């Protein structure tokens, strides 16, 4: 059986799968954030995107500053614990340079939207939001009566969230084979649900490996090939976040972002130098320099192999 | 170094750690909650398991983590769960004894605002929002809040926005909450406490040198005082030594 080869360059993948006006999900919870994909969306000048991302952090602030995004759906809009997102705050607090439509959820609300989306359900119930002001500003958070009796035999009310079905979901992973069987270890977040919720999926990986490597450990496959439309090999594409076992998080860059993004001119200059000024992520990586990358090197901590067994 | 020289971070961490006595599972973010939970593990709660929002259970970090998803939390951990399992089965499934939360504003019922200062549609300041706080409040058996700043703007009669409601607001909305909501608020001035539904936060303890009047003046609602108001015992040299030498020797959070 010869598998379909879905590998392409980042430029080709974004050109083929991200269009003006699309709803684009970028997932990765602190780990494996698809930054290089976000940068390529900026380079290609996409406009009017709806971005879905649980933790809207630096890459979202950059896409906002580049004018790519008109609507954001998120449950956390901050620069990790390292400070603020300057562009996001300007857009939300003073509509500069343009207003930003913002749909606010909590983390589990977003997760349930992906689950409902992946399973093509009309809604998904959760024990959040009771008494919160969030349903007042987000009409998608609705309360229903359970058709079944509650624990005390009486009626039970519960909030529900609607499905989300992005036009495309982009995730970053450690490795995949050429057909898109994607393996992640460490934090796996909500990547599988986000991919299955989408109409199309782009997987960006640290390395493309032979199918044999994947098949030596099938339980590590988080997203199987049938859910993937494009595979992009892009080493260090998750910087400034990290890839478990490949490189560490660039905490200094996270800490510096508050100051960069607070000053619109400085932010514009940063984008001009590091995104518009680099042809692709390989150039961005080279521009940072080997000495820089030496600072993010991680040591080895190998897992012990397991025996899958074979019939004799 | 004498116990009297404890910094504000050390004081808050030690007090929060003591409150974790006999608890089994704690849902903690990075910063003071990590310090408190780690210290509690070495002192009053040896069985304590820290569950991180990122999905890590039973972490054995080689270095103090800088984020809830730090690579050092994953390497050598007992389990790393996908987020639907963590939020759905662990947290909503009722496995968390204590959740730690912070907020920009808190009211007397322990409702929290971490979304905006001002009107949500035209905020003076846009804050990060819920993250998992709404879920922690709804599902943890109890919630501890650590707030560095104790002033009337943060301890307010009326929240600008309620991101994470306590059980009283949930019940009024027709939703049965799983937990008691905020049961402890630990600040630079002392400890506020409530037991659960229908109860306001009351002043339970003050730090040495702080009077009940000081705390009332710093609180934006008419703060009631517990009948058995106590004075917090200052951090002991043993607690401080553990915190400084074992928990955070590189001073990532201890400032």
Rounded to two decimals, the Debye log10 I(q)/I(0) of segment B:1-79 (Cα scatterers, no solvent) at q = 0.12, 0.19, 0.25 Å⁻¹ is -0.33, -0.78, -1.18
Under the helix-only model (-39500 (n - 2.57) for each DSSP H run of 4 or more, divided by the residues of the protein assembly as shown), the mean residue ellipticity at 222 nm, to 500 deg cm²/dmol, is -7000 deg cm²/dmol
So, with points 7 Å from each Cα along the Cβ direction, the residue A:294-residue A:12 label distance in nm works out to 3.6 nm
In terms of the Cα gyration tensor, with a ≥ b ≥ c the square roots of its eigenvalues, is segment B:116-221 rounded because a/c is under 1.5, prolate because a/b exceeds b/c, or oblate? oblate
Between residue A:212 and residue A:81, what FRET efficiency follows from the Cβ-Cβ distance if R0 is 45 Å, with the result rounded to 0.05? 0.65
Quick one: what does P(r) look like for segment B:185-243 with 5 Å bins over all Cα pairs, in whole %? 4, 18, 26, 21, 14, 9, 6, 2
Rg from C-alpha atoms of segment A:90-186, normalised by the globular rule of thumb 2.2 N^0.38 Å, equals 1.44
Across the alpha-carbon set of the protein assembly as shown, Rg over Rh with Rh taken as the Kirkwood radius works out to 0.97
Rounded to the nearest 5, what % of the DSSP beta bridges within segment A:82-223 are antiparallel ones? 60 percent
Can you list the equivalent-ellipsoid semi-axes of segment A:130-216, largest first and in whole Å, using the square root of 5 times each Cα gyration tensor eigenvalue? 39, 16, 11
Over the alpha carbons of segment A:122-161, what is the largest minus smallest coordinate on each principal axis, giving the biggest first in Å? 32, 23, 11
Averaging the inverse of every distinct alpha carbon separation and then flipping it gives the Kirkwood radius. What is it for segment A:1-118, in angstrom units? 15.0 Å
Compute the convex hull volume of the Cα atoms of segment A:259-312, divide it by the residue count, and report the result per residue in Å³ as a whole number. 201 Å³
One checks the Cα atoms of segment A:58-132 and finds Rg and Dmax, in Å, of 14.4, 38
Taking N as the residue count of chain A, its alpha carbon Rg divided by 2.2 N^0.38 Å gives 1.04
Here the equivalent ellipsoid of chain B, derived from its Cα gyration tensor, has semi-axes (largest first, whole Å) of 26, 24, 17
What shape does segment A:119-278 have by the C-alpha gyration tensor, where a ≥ b ≥ c are the square roots of the eigenvalues, rounded means a/c under 1.5, and otherwise prolate means a/b greater than b/c and oblate the rest? oblate
Chain A, Gaussian network, Cα under 10 Å: of A:157, A:191, A:44, the residue fluctuating most is A:157
Those residues of segment B:93-136 whose amide nitrogen sits under 20 Å from the label point placed on residue A:264, 7 Å along Cα→Cβ: B:122-127
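Each reported figure results from applying straightforward, stated rules to the coordinates on display, with no laboratory input. The structure displayed is predicted, hence computed values, not measured ones. Note that we place each Cβ from the backbone using ideal geometry, even for glycine, and neighbour counts take in every protein chain shown.
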